[in-house]
Each structure stands twice: as structure tokens, then as C-alpha cells.
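A short write-up of the structure that comes next.
The values are calculated or read from the model by the stated rules, or taken from the named source; none is laboratory data. Everything quoted here is computed from the prediction, not taken from an experiment. Cβ placement follows ideal geometry from the backbone for every residue including glycine, while neighbour counts extend to all protein chains displayed.
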Amino acid sequence: MRRKLVAGNWKMNGSLAENQTRLTQLVSALKNKEAIDVAVFSTAPYLFQCKSLLAASGISWGAQDVSEHASGAFTGEISTAMLEDFACDYALVGHSERRELFHESNEVVADKFAALLKSSVLPVLCVGETLEQRESGDTMTVIIEQINAVLAKSGIAGFKKAVVAYEPVWAIGTGKTATPEQAQEVHKAIREYLAQFDADIAEALQIVYGGSVKPDNADAIFAQHDVDGALVGGASLNSNDFVKICNAAG
Ligand code: 13P
């Protein structure tokens with residue numbers, strides 16, 4: 001039985017004061033939430049704040065991106081070792097905003113995933129298709145290409161210590177959610193694809209859904225067999241909404 005993971009991706013939002021309120025509210029509202037995994041992804045300057053306010057709360061924290069390089073002359077980048085310094089449990093790689101706005105290729109994403117595997121920080125590999133790709137019937141072709149780049153560098157064993165987030169680009173920040181059936185179809189297809197390489201790893205893999213998850217649609221999405229939680233953007237900035245989504249997960 002896979003545990004559900006509900007993670008809030010704050011994107012480029014927050015401040016010391018706002019985060020203080022949000023994190024304190026989460027810690028008190030999510031007491032005794034042992035049955036699920038809960039995490040927040042803040043921007044790098046606030047990882048220290050997450051560490052100090054969330055340590056011992058049972059809530060995890062992570063980064064929204066990481067460098068594929070270990071150290072050196074890469075101005076503005078952040079290494080896996082730096083994320084370890086702030087006790088991050090997770091880091092997102094290949095979020096569609098990074099792929100689209102910062103032109104990250106499947107290969108760069110796979111390098112970041114591989115770099116994280118060498119650290120104690122779990123990669124959360126984001127995959128998903130654009131509306132155009134969905135409408136032309138290419139959803140799984142695109143997702144398999146994104147996954148194959150990771151398989152080529154890290155092998156199926158890489159997915160033993162990772163999470164996959166299916167985030168259809170057309171559902172991110174648009175208020176348009178994939179229907180629970182659309183999410184289930186893709187999650188199942190991802191799991192079946194990976195099962196060809198290792199059935200046990202595929203069965204144990206947490207595959208979470210992201211794209212306009214809100215308190216009023218979370219129940220139906222979480223009821224799907226292959227949906228193991230959510231990566232929540234906008235609604236994670238509102239503590240009440242985020243807590244409601246966590247409660248829907250268990
Ligand atoms: P929204 O929940 O705002 O659609 O964002 C989803 C997302 O991108 C999470 O990573």
C-alpha cells in the first residue's frame with residue numbers, strides 16, 4: 001500500500017513573515033498526520049526558515065530546483081550538497097515552468113535527477129504534456145521521452161528513491177483540472193511503462209498529480225488507484241486550503 005504525499009509548491013511566492021504564518025499554521029493543523037507524507041517546496045532563501053520551523057514536525061521541506069553540477073563557477077546555482085545542509089528531503093526537477101521558461105531539456109533534467117540520487121535528497125521528477133501535445137494524441141509519447149531520459153542516466157533503480165509528479169501543463173495555474181479519470185489514465189500508463197523494467201519498483205513508486213488541485217476536487221483525484229497524492233501550487237499558499245487537501249489524502 002503506497003502512502004500518499006501532499007506537497008505544496010510555493011513557486012516564487014512568500015516572505016519571512018508570510019512563511020512564518022503559513023508554516024506555523026501548518027504545524028499546528030497537521031499534528032498527528034502520520035498516515036501521509038506532507039512537504040512544502042519553498043524558494044532557496046527560505047529553506048533555512050523551513051528547517052527551523054518544521055524540524056520535528058513530521059512535515060518535510062524541499063527545493064524547487066537544483067544544479068546538476070557539484071560545485072564551482074555556476075553563478076546563481078544551488079548544489080545538492082547545499083540542499084543537504086538545509087536538511088531538504090526533496091527537490092523538484094523538471095517542473096514545466098523550468099522546462100518552458102528556462103529551457104531545461106530532458107537531458108538537463110535527467111542530470112539533475114542523477115545528481116540528487118548521489119545525495120540524501122529525493123528527486124521529484126515532474127512530467128507532463130502541453131495542451132497541443134494532448135490534443136494531437138502525444139501525451140504518453142512526450143511523457144515517455146521525459147522518463148526515458150532519466151532511465152538512460154539513472155536506470156530503473158533511480159526510481160526506487162524518487163517520486164514522479166504528473167503535471168499536465170494545461171492544468172497548471174489555469175483552474176482547469178484533469179478529470180480524475182484523465183489523471184488515473186496517465187498515472188497508470190506511467191506505472192505500467194516502468195513496470196516493464198521492474199514491477200516492484202513501479203508498484204512502490206509514488207506518482208502524484210499536479211494541476212489546479214483544490215479542496216473541492218482533491219477527494220475525487222485521490223480516489224484514483226494510481227494517484228498517490230498531489231503537488232499543489234496556488235492552493236498551497238492558503239493554509240486552510242492546503243490543510244483541507246492534506247485531510248482529503250488521509
Ligand atoms: P497549480 O496548483 O497552481 O495549478 O500549480 C500546480 C503546480 O505547478 C505544482 O507544481
query = Looking only at segment 97-112, which residues are part of a helix (DSSP H, G or I) and more than 16 Å from L231 (Cβ to Cβ)?
reply = E100, L101, N106, E107, V108, A110, D111, K112
request  = Inspect all residues belonging to segment 107-117 and state whether any of them is among the aromatic types (F, W, Y) and either over 15 Å from the mean Cα position of the chain (by Cα) or modelled with pLDDT under 95 (or both).
outcome  = no
task = Run down G76, G62 and say which single residue is within 15 Å of the ligand (Cβ to nearest atom), modelled with pLDDT of 95 or more and farther than 25 Å from I144 by Cβ.
result = G62
query = Could you say which residue among L116, L92 is away from the ligand (no atom under 16 Å from the Cβ), crowded, with 17+ Cβ neighbours inside 10 Å and either part of a loop (DSSP other than H, G, I, E, B) or touching a residue at least 12 places away in the same chain (Cβ under 8 Å) (or both)?
reply = L116
task = For A178, work out the one condition from (1) within 30 Å of S119 (Cβ to Cβ); (2) touching a helix residue (DSSP H, G or I) at 6+ places or on another chain (Cβ under 6 Å); (3) among the hydrophobic types (A, V, I, L, M, F, W, C) it doesn't fulfil.
result = (1)
